[in-house]
Amino acid sequence: MQEMLYVVVGALMLAGLAGAVIPVLPGTPLILAGAAIYAFATDFTPVGWGRLGILALLAIVAGVVAYLGTALGTRGAGGSRAAVMGAIVGALVGIVFAPLGLLIGPLVGAVLAEWLRTGQLRESLRSGIGAAVGTIAGAVMHFAVALAMVALFVWWIYRG
């Protein structure tokens, strides 16, 4: 029975790490689910409610960071609010065409929105590139937080 618990929890943790990179999978929620299953199965020892709360908070932070990356990248490249909204809409449309669409969607969305607003192709392209760079940065940060969640969980388990 104990081996099956480790297999299920390990599979959820690995799927969660993959999901931090592959947006079709819910990365950090899978990691949190694995930790919760382990906690319930072991009567909340050594992973209790407080530690589950820490993991839940990290999961929320990871989600926010992933989406903020696109917006901050667009704004950092000089894009307007319209470009940010275009990048976000592009990211949502890009989900349908994952994984490449997740990078191209924000770029195209920011470029189109900024170009429609200003008519300036050069600034529009800069906004789009900023959106793409921000999307990549957000994904890297999302993966880093997901990895930290798994590391914390493993540390708590083996530390006792």
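Does Arg81 satisfy the condition of being under 17 Å from Ala132 (Cα atoms) and buried (at least 18 other Cβ atoms within 10 Å of the Cβ)? Against the criterion (under 17 Å from Ala132 (Cα atoms) and buried (at least 18 other Cβ atoms within 10 Å of the Cβ)), Arg81 does not qualify. Tell me whether segment 41-52 contains one or more residues that are within 21 Å of Gly27 (Cβ to Cβ), within 16 Å of the chain's Cα centre (by Cα) and not hydrophobic (A, V, I, L, M, F, W, C). Looking through segment 41-52, none of the residues is within 21 Å of Gly27 (Cβ to Cβ), within 16 Å of the chain's Cα centre (by Cα) and not hydrophobic (A, V, I, L, M, F, W, C). Scan segment 24-56 for residues that are assigned to a loop (DSSP other than H, G, I, E, B), under 20 Å from Tyr6 (Cβ atoms) and hydrophobic (A, V, I, L, M, F, W, C) and the total you get is 2. Note on segment 141-160: residues that are over 22 Å from Ile22 (Cβ atoms) and either among the β-branched types (Val, Ile, Thr) or assigned to a loop (DSSP other than H, G, I, E, B) (or both) total 2.
For the condition within 17 Å of Ile22 (Cα to Cα), assigned to a helix (DSSP H, G or I) and either free of Cβ contacts under 8 Å to residues at least 60 places away in the same chain or under 13 Å from the mean Cα position of the chain (by Cα) (or both), Gly128 does not qualify.
Within segment 69-91, at least one residue is part of a helix (DSSP H, G or I) and under 16 Å from Val145 (Cα atoms). Checking each residue in segment 49-88 for being over 14 Å from Gly109 (Cβ atoms), among the small types (Gly, Ala, Ser) and modelled with pLDDT under 95 picks out Ala62, Gly63, Ala66, Gly69, Gly76, Gly78. Residues that are part of a loop (DSSP other than H, G, I, E, B), over 26 Å from Pro99 (Cβ atoms) and not β-branched (Val, Ile, Thr): does segment 4-22 have at least one? No, that holds for no residue. Looking only at residues that are small (Gly, Ala, Ser) and touching a Leu at 6+ places or on another chain (Cβ under 8 Å) in segment 23-58, which one is farthest from Leu100 (Cα to Cα)? Step by step, filter segment 23-58, then rank; the result is Ala41. None of Ile104, Ile88 is among the β-branched types (Val, Ile, Thr), closer than 17 Å to Ala132 by Cα and under 15 Å from the mean Cα position of the chain (by Cα) except Ile88. Given the criteria farther than 26 Å from Tyr158 by Cα, in a helix (DSSP H, G or I) and modelled with pLDDT under 95, does Val111 qualify? Criteria not met by Val111. Just checking, how many residues over segment 75-128 are hydroxyl-bearing (Ser, Thr, Tyr) and out of contact with any Asp or Glu (no Cβ under 7 Å at 6 or more places or on another chain)? Residues meeting the conditions: 1.
The values are calculated or read from the model by the stated rules, or taken from the named source; none is laboratory data. All of these numbers come straight from a predicted model, not from anything done at the bench. Glycine gets a Cβ as well: all are built from the backbone with ideal geometry, and neighbour counts include every protein chain shown.
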